[in-house]
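The values are calculated or read from the model by the stated rules, or taken from the named source; none is laboratory data. No experiment lies behind these values; they were computed from the predicted model shown. Because the Cβ atoms are built from the backbone with ideal geometry, glycine has one as well, and the counts that use them run over all protein chains shown.
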Amino acid sequence: MSLKIHALPAGVIRDFPVSAVQYQRGFGVTHDTPMIMFVITGGEFPIVVDSGTPEPEFVRKHHGYDFERAPSEHPRESLRNIGVSPADVGLVIHTHLHWDHCGNNDLFDNAHFVVQQAELHFAVDPLEPARRAFENTEEIAPTWSPMLNRFRTVSGDAAVAPGVSLISLPGHTPGSQGVLVETDTGKHLIAGDTIDTRANWEGDSRSAHIPSGSFVNLSDYMASFAKIETLDAVVVPSHDPEVLEKGVFG
Ligand SMILES: [Zn+2]
């Protein structure tokens, strides 16, 4: 068994504030921020980690971002490019349930969806400032809600397939998690938004690692950083252009 991680483009938010992804930094500075869907191949069946973004018009209307996703970046097309049929995907892991990580669950008719129990509980009735990020408002319901019968939850770390484990990393959201993948080139951690970009992980003169500008519990977040340090894994951030340029890990 030789597992590989594919990073697939799922659209770009133009001129996204750096302060949204770097705590107390980057005010007034913006950059284009890619959305990424990950696929683990080489096991019994393909495993999707985060299902990408909803339709661009929906994103612009309900989130207000200057969002672009080329037709070639529709998840169906991205999967076709690496030879994966959505019908073959047996498992979709959500690092968390923010809108840009779970927008295409309807593609995967034969999959179960795995999320931390704390995340699902929060997403059903988020605190008011978080409702839009979870697409749970008076106007819209989460796009994954019709598939709730195929959701399965875990609490804490858990192995889900040979060489693939969930690592509980709360802080960005109550039930954020990473996915640890054992590849021929070592362990890799698909980090979710706990680590948006390489700059978050590498830190600066003020702190060893930089949290996202968006979090629910900073103490939990720092403990999650400390936990990642013990994993001895290559960190794969969630919104970093360099991840898409490399494309394949393992
Ligand atoms: Zn997020």
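Give the residue that is surrounded by the fewest Cβ atoms within 10 Å (Cβ to Cβ), with candidates limited to residues of the range 227-250 that are closer than 25 Å to ALA133 by Cβ and not hydrophobic (A, V, I, L, M, F, W, C). So that I can check it myself, show each step before the final result.
First pass over the range 227-250, keeping only residues closer than 25 Å to ALA133 by Cβ: 227-228, 235-244.
When the remaining residues are screened for being not hydrophobic (A, V, I, L, M, F, W, C), the result is 227, 237-242.
Numbers: LYS227: 16, PRO237: 24, SER238: 31, HIS239: 24, ASP240: 24, PRO241: 17, GLU242: 12.
Top of the filtered list is GLU242.
So SER168 ticks every box in (1) without any contact (Cβ under 8 Å) to a residue 40 or more places away in the chain; (2) farther than 25 Å from HIS62 by Cα; (3) hydroxyl-bearing (Ser, Thr, Tyr) but one. Which box is left unticked?
(1)
Working carefully through the options THR33, THR41, find the one that is within 16 Å of the ligand (Cβ to nearest atom), polar (S, T, N, Q) and at pLDDT 95 or above.
THR33 is the lone residue from the list that is within 16 Å of the ligand (Cβ to nearest atom), polar (S, T, N, Q) and at pLDDT 95 or above.
Taking the conditions exactly as written (touching a helix residue (DSSP H, G or I) at 6+ places or on another chain (Cβ under 7 Å) and in a loop (DSSP other than H, G, I, E, B)), does SER224 satisfy them or not?
Judged against the criteria, SER224 is not a match.
Any chance the range 180-191 includes a residue that's within 15 Å of the ligand (Cβ to nearest atom) and either in contact (Cβ under 8 Å) with a residue 12 or more places away in the chain or part of a loop (DSSP other than H, G, I, E, B) (or both)?
Within the range 180-191, one or more residues are within 15 Å of the ligand (Cβ to nearest atom) and either in contact (Cβ under 8 Å) with a residue 12 or more places away in the chain or part of a loop (DSSP other than H, G, I, E, B) (or both).
Among the residues of the range 192-226, write down those that are of a type in the set (Val, Ile, Thr), surrounded by fewer than 23 Cβ atoms within 10 Å (Cβ to Cβ) and more than 12 Å from the ligand (Cβ to nearest atom).
Listed by number, the list holds a single entry, THR197.
Filter the range 80-107 for residues that are in a helix (DSSP H, G or I) and out of contact with any helix residue (DSSP H, G or I) (no Cβ under 6 Å at 6 or more places or on another chain); which is nearest to PRO162 (Cα to Cα)? Lay out the reasoning, then the answer.
Looking only at the range 80-107, we keep the residues that are in a helix (DSSP H, G or I), and these are 80-81, 86-88, 99-101, 105-107.
Going one step further and asking which of them are out of contact with any helix residue (DSSP H, G or I) (no Cβ under 6 Å at 6 or more places or on another chain), we end up with 80-81, 87-88, 99-101, 106.
Details: ARG80: 24, ASN81: 25, ALA87: 21, ASP88: 17, TRP99: 28, ASP100: 27, HIS101: 23, ASP106: 26 Å.
Residue satisfying both the conditions and the ranking: ASP88.
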